[in-house]
Amino acid sequence: MIRKREFIWNTIGSFISALLNAIILAFCTRINGIEIAGIFAISYASMCILNSIGDFGLRIYQSTDVERKSNFSEYLVARIVAQVLMYVIGIIFVCIKGYTHEKLFILLLLLAFRIIENLSDSYQAEFQLNGRLELGGKSIVYRNVLGLVTFFALDILTKNILIALIGLVIAQLIVFILYDLRLIKQFTKTTLKVDKKQVVKILKDCLPLAISTVISMYVINAVKYAIDDFGDYEMQTYFNIIYMPTFVINLVSVFLIKPFLKPFGDTWTNKEYMKFVKMIGIIIVVLALATLCVEAGCFLLGIPFLNLLYGVELSMYKADLLLLVLSGFLYACANVLFNALGTMRHQKLTTITYIFTAIFAFFVPAIWVKNYGMRGATYSCMAVMGLLFVFMLVFFVYVLIVTKNKRKNA
């Protein structure tokens with residue numbers, strides 16, 4: 001059962017974490033200008049894709065390990081391996097892309113920020129397994145609030161986004177050391193001397209989830225890369241601004257899913273399949289209601305609010321804004337089913353889903369953005385998210401039917 005304090009702190013933490021990009025982009029647009037904001041936006045998109053390697057699907061796997069087949073230290077070492085892999089691939093990525101020095105350092109600093117986030121996530125999973133999810137929520141709040149305040153102060157003083165990002169990373173690291181590392185002692189003993197075979201097993205089991213997450217981040221950001229190839233930094237900035245309200249939907253999905261990860265594991269392990277489906281259904285219904293509220297808000301006040309917040313004129317993009325919010329709902333539902341399939345230990349099906357969707361996302365957004373500009377970006381985003389949701393839903397229903405039939409025939 002999810003306690004009130006767990007839900008509240010997880011909600012606050014998820015809210016701040018989900019809006020981090022939007023807040024920094026808004027600040028960066030006003031302080032550093034549209035061009036720097038566009039560079040930051042595409043760098044952040046690249047970081048999200050690379051961060052999928054650092055995440056490696058470990059939070060889902062660790063939080064649903066209710067039978068404790070692996071201990072915290074083994075998960076932590078697996079996470080450290082994933083962070084090293086992420087940074088190495090990140091360096092290779094920027095070399096291949098031929099980024100400018102400014103773009104290069106922005107991305108590397110964002111990756112450093114994510115390394116701290118990912119390491120903290122392992123600690124948060126352990127807190128959750130011990131019935132203290134609120135401690136993870138507090139960690140997110142403390143780190144991001146201090147990080148944002150530091151970023152804002154340094155950017156205002158220096159007008160230099162690189163110095164501001166360095167401050168963000170240092171602030172996050174300080175909270176991680178003083179909070180997460182200190183609290184974990186109440187629950188378990190941490191050591192880097194672990195069973196290497198078990199660490200390899202964790203990474204091997206999570207590999208399909210990791211591949212799925214990497215491809216999913218590419219799928220989410222494929223339109224932004226199409227804009228990077230066939231548009232300009234101004235279009236990139238405008239698209240990212242009108243895309244921001246979709247994060248409200250994703251935010252709702254995050255703070256709904258995370259508390260349910262352990263109950264997902266409990267109900268599936270106990271073969272309470274109808275209860276499992278009911279939880280999935282409740283989350284999707286809540287997401288639908290949230291989407292209706294966001295759509296109404298965007299229809300009435302979305303453009304004036306974004307104009308005021310970012311200091312740019314977006315009136316011509318109202319239809320795009322409303323369609324992108326709907327695409328956010330489709331992605332959030334797909335993400336719910338992704339977590340469900342991970343709990344059901346059918347990670348390979350999520351990988352297949354993302355591979356097919358990524359192939360579609362590689363070609364369609366590029367063609368539509370090149371030919372139709374911003375409207376092409378919007379339509380292609382809708383198409384990609386719709387395809388992703390349909391694939392996830394089909395596989396979820398398939399696994400559920402097969403599992404129930406096996407139980408009947410047992």
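The table that follows gives values for the structure above.
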| item | result |
| --- | --- |
| Gap separating the Cα centres of region 45-115 and region 362-410, nearest whole Å | 25 |
| Whichever lysines have a C-alpha closer than 22 Å to that of LYS4, once near sequence neighbours (fewer than 8 apart) are set aside | LYS138, LYS258, LYS262, LYS275, LYS278 |
| Filtered GluC sites (Glu not before Pro), region 1-94: DSSP coil and at most 11 other beta carbons within 10 Å | GLU67 |
| Listed residues THR269, LEU256, TYR233: farthest to the positive end of the dipole of region 225-295 (Cβ charges) | THR269 |
| Radius of gyration and Dmax over the Cα atoms of region 72-180, both given in Å | 15.4, 46 |
| Residue among ILE170, SER315, ILE23 farthest towards the positive dipole end of region 4-403, charges placed on Cβ | ILE170 |
| Within straight-line cross-link reach of LYS193, lysines at Cα separation under 23 Å, skipping those fewer than 8 residues along the same chain | LYS69, LYS185, LYS201, LYS204 |
| Lysines with Cα under 23 Å of LYS224, excluding same-chain neighbours fewer than 8 positions away | LYS97, LYS103, LYS318, LYS370 |
| Likely footprinting exposure, ILE359, ILE284, ILE115, fewest C-beta neighbours within 10 Å first | ILE359, ILE284, ILE115 |
| The chain - percent relative contact order, Cα under 8 Å, separation 6 or more | 23 |
| Whole-percent pair-distance distribution, where bins are 10 Å wide, for the alpha carbons of the chain | 5, 22, 34, 27, 10, 2, 0 |
| The chain - charge dipole about Cα centre, Lys and Arg +1 at Cβ, Asp and Glu -1, debye rounded to 20 | 1700 |
| Mean residue ellipticity (222 nm) of the chain, computed from DSSP H runs ≥ 4 via -39,500 (n - 2.57), nearest 500 | -30000 deg cm²/dmol |
| Simple label model, 7 Å out from Cα along Cβ direction - THR100 to LYS197, nm | 5.4 |
| Spin-label pair TYR372/CYS293, simplified geometry with 7 Å Cα→Cβ offset, distance in nm | 3.1 |
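We did not get these values from a lab; they are worked out from the coordinates using the rules stated. Keep in mind that this is a model prediction, so the values were computed, not measured. Neighbour counts are summed over all protein chains in view; Cβ atoms, including those assigned to glycine, are modelled from backbone coordinates with ideal geometry.
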